[in-house]
Amino acid sequence: MPESDLFKEIIALQTEQKNPKSADIDLATTKEILEIINSEDMFVAKAVQKELPNIERAVDIIAEAFKSGGRLFYVGAGTSGRLGILDAAECPPTFGVNPEMVQGIIAGGRDAVFQAQEGAEDNHENGAKEIIIRNINPPDVVCGIAASGRTPFVKGAMEETIKKGCKTIFLSTVTHQKVEELGVIADVVICPNVGPEVLAGSTRMKSGTAQKMVLNMLTTASMIKLGKTYGNVMVDLQLTNAKLKERAKKIIMSITGINYDDAEQYLNESEGHVKTAIVMIKAGVKKEEAQKMLKNADGFVRKALKIKGIV
């Protein structure tokens, strides 16, 4: 029986190759196994670093979409899909944004987040349907995530997105050349080349780490460009639990120099809005004036204060 085209496609992927550095890992001690994994992980950050120009282009696209009221959708299967959902889920509590702003789509639906849904990633048509069902249109942005670069579900979603006229980003851990050979089209392609996995084909390892690092950059940098931080401090977090309420007080105290009781008072007066509280304290104004200042400064605390001549 001749080899199928799919078989030939898969065995040619770098992520499926045997890594000579871990060839005898089954004979290694626990310490040696961990040293091999750790040593291979060290290549990930360097691989991501080489893709910074493409990541920069992607961030600018996302930030511009957000400013225009657009949304960011991650589309993936398996590990890639779960990483997209994780990044999306962490944006509301971290940056105080609506959950609709960043969303994750995974092949196989909600159940696939917790348990592998075999075969779901192979359905090209279902990927396209997700774009239609969610009414994705400009200025929305779709970021396809596929370690192998070939996942049919993701490619289906990307192709439908292009038909809709939306901007697209594609994240993979194969080479740019391989992505092109696989027929993937996107406005920005990001390919941190992490090399063969410690366990051949186990893309939840180096590939997953690289994807997580890139997704962190995409949303964090975009949110910074929207004024969600003051310096390197998160100031738009949602106070959804006791820990975040205490963190908010600490943030206000560290930025303004006031004590704990006063921080709590200002937090209450600002109705739990950290940026408003900071502007109230630093500019010596009431809540309504602080809110107006922030609005005129597009939500940037530094810009709001600079208008009043406050550094």
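A few points about this structure:
- Selection count, segment 200-230, where residues are touching a residue at least 60 places away in the same chain (Cβ under 8 Å) and within 29 Å of ILE310 (Cβ to Cβ): 8
- Lone unmet requirement of (1) part of a helix (DSSP H, G or I); (2) in contact with a helix residue (DSSP H, G or I) (Cβ under 7 Å, 6 or more places away or on another chain); (3) within 30 Å of ASN19 (Cβ to Cβ) for THR173: (1)
- Selected residue (criterion: modelled with the highest pLDDT) from residues of segment 191-219 that are of a type in the set (Gly, Ala, Ser) and part of a loop (DSSP other than H, G, I, E, B): GLY195
- Subset of segment 139-196 [over 17 Å from VAL214 (Cα atoms), small (Gly, Ala, Ser) and touching a residue at least 40 places away in the same chain (Cβ under 8 Å)]: ALA157
- Qualifying residue in segment 65-79 (condition: out of contact with any Leu (no Cβ under 8 Å at 6 or more places or on another chain), among the polar types (S, T, N, Q) and in the same structural domain as GLY195 (by TED's automatic domain parsing)): yes
- Residue ID - surrounded by the most Cβ atoms within 10 Å (Cβ to Cβ), chosen from residues in segment 86-120 that are polar (S, T, N, Q) and within 15 Å of LYS228 (Cβ to Cβ): THR94
- Subset tally (residues that are assigned to a strand (DSSP E or B) and free of Cβ contacts under 8 Å to residues at least 40 places away in the same chain) for segment 72-119: 3
- Any hit, segment 220-240, residues being more than 30 Å from GLU264 (Cα to Cα) and modelled with pLDDT of 95 or more: no
- Flag: ARG247 does not match the condition of being in contact (Cβ under 8 Å) with a residue 24 or more places away in the chain, among the charged types (D, E, K, R) and either not in a helix (DSSP H, G or I) or not assigned by TED's automatic domain parsing to the domain that holds SER172 (or both).
The values are calculated or read from the model by the stated rules, or taken from the named source; none is laboratory data. From a predicted model like this one, the values you see are computed outputs, not experimental measurements. FYI the Cβ positions are ideal-geometry reconstructions off the backbone, even for glycines, and counts take in every protein chain you see.
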